[in-house]
Amino acid sequence: MNINAALKFLTELKKNNNREWFNTNKERYLVLKVEFEQLTQMLINNIGQFDKGIVDLQPKDCIFRIYRDTRFSYDKTPYKTHLGTYIAAKGGRKSEHAGYYLHIDPDGPFFSVGVWQPDPQLLKLLRTSIFENIDEWTQIVTQKQFKQTFDDGWYEQDMLKTVPREFAKDFSNGYFLRLRHYLVSKNFTVVNLQSPDFMHIVTGIAKTGYPMNRFLNFTVDESGF
């Protein structure tokens, strides 16, 4: 993928987020779209070597549309100014499974592993699984390489102030039961994106996060989501 061309397009789109500019530059976007599909396929191939649940995905299942849904938003700009792809078993971007998300943005690219905003019923089941298997969970998420890779910590948006009432309030690892999302990320710079080793680096990050996804997805599969 021509990262420099992609970043240039997205930077210009941020300054010209209107249909007239986009239609004038539609051919540039279509080239970019094909290249991002190819990059997503490479990620599927690489990650699929250790996470067999995603091997049958197609890029079209994973890539988010660049067109924004503005019906219920105060922000009426018509286009997203980043590229995103979510590689997860049984549905890609529409899946409830924990997966792998790549976000390409001139202002802050990153790669995430885990599950964002699970269904409330599923979230309760994930919390219960962590509670009942806390030794296995902590062994995964406190492993040295995991902590070094995801050194920015957990995604804490909407985090509860106290442990949910169905669990003991003095539970020693209550932090994990208060999370609304089981998601960790690695932030990049534009220089990282431009590196010829970028795909190798991202694959390594995904492999480090895979044991957590495997733990979470056991519950997702058991629950029938």
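Summary table
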{"quantity": "Calculated SAXS-style log₁₀ I(q)/I(0) at q = 0.09, 0.17, 0.18 Å⁻¹ - the chain, Debye, Cα scatterers", "calculated": "-0.40, -1.26, -1.35"}
{"quantity": "Fully extended contour minus Cα-Cα distance, from Phe50 to Met159, at 0.36 nm per residue", "calculated": "36.2 nm"}
{"quantity": "Neighbour-limited loop hits for chymotrypsin sites (Phe, Trp or Tyr not before Pro), region 1-85 (at most 13 other Cβ within 10 Å; DSSP other than H, G, I, E, B)", "calculated": "Phe50, Phe72, Tyr74"}
{"quantity": "Taking the convex hull of Cα positions in region 8-142, its mean projected area over all directions (nm²)", "calculated": "10.3 nm²"}
{"quantity": "Heavy-atom accessible area ranking, 1.4 Å probe, most first, across Asp197, Asp107", "calculated": "Asp107, Asp197"}
{"quantity": "Unit charges at the beta carbon, dipole of region 1-47: most positive-side option, Tyr29, Leu43, Met1", "calculated": "Tyr29"}
{"quantity": "Assigned charges on the beta-carbon of Lys, Arg, Asp, Glu; region 124-225 dipole about Cα centre (debye)", "calculated": "180 debye"}
{"quantity": "Given the chain, longest segment not containing exposed loop GluC sites (Glu not before Pro) (DSSP; at most 16 other Cβ within 10 Å)", "calculated": "1-155"}
{"quantity": "Positive minus negative residues near Asn187 (Lys, Arg vs Asp, Glu; Cβ under 14 Å)", "calculated": "-3"}
{"quantity": "Portion, in percent, of the accessible area of the chain that falls on carbon or sulfur, probe 1.4 Å", "calculated": "50 percent"}
{"quantity": "Projected label distance in nm at Asp69 and Gln38, using a 7 Å step from Cα toward the beta-carbon", "calculated": "3.2 nm"}
{"quantity": "For the chain: accessible area per residue (Å², 1.4 Å)", "calculated": "55 Å²"}
{"quantity": "Spin-label model distance (nm) - Gln58 vs Asp107, 7 Å beyond Cα toward Cβ", "calculated": "3.4 nm"}
{"quantity": "In region 139-225, the trypsin sites (Lys or Arg not before Pro) that fall in loop regions by DSSP, at most 13 other Cβ within 10 Å", "calculated": "Lys161, Arg165, Lys169"}
{"quantity": "Volume of the Cα convex hull of region 7-51, divided per residue and given in Å³", "calculated": "77 Å³"}
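The values are calculated or read from the model by the stated rules, or taken from the named source; none is laboratory data. Just so you know, these numbers come straight off a predicted model, no measurement behind them. Note that each Cβ is placed from the backbone with ideal geometry, even for glycine, and that neighbours are counted across all protein chains shown. Each accessible area value is taken on the protein alone, full model and side chains, heavy atoms only, with ligands, DNA and RNA left out. Shrake-Rupley method; radii C 1.70, N 1.55, O 1.52, S 1.80 Å.
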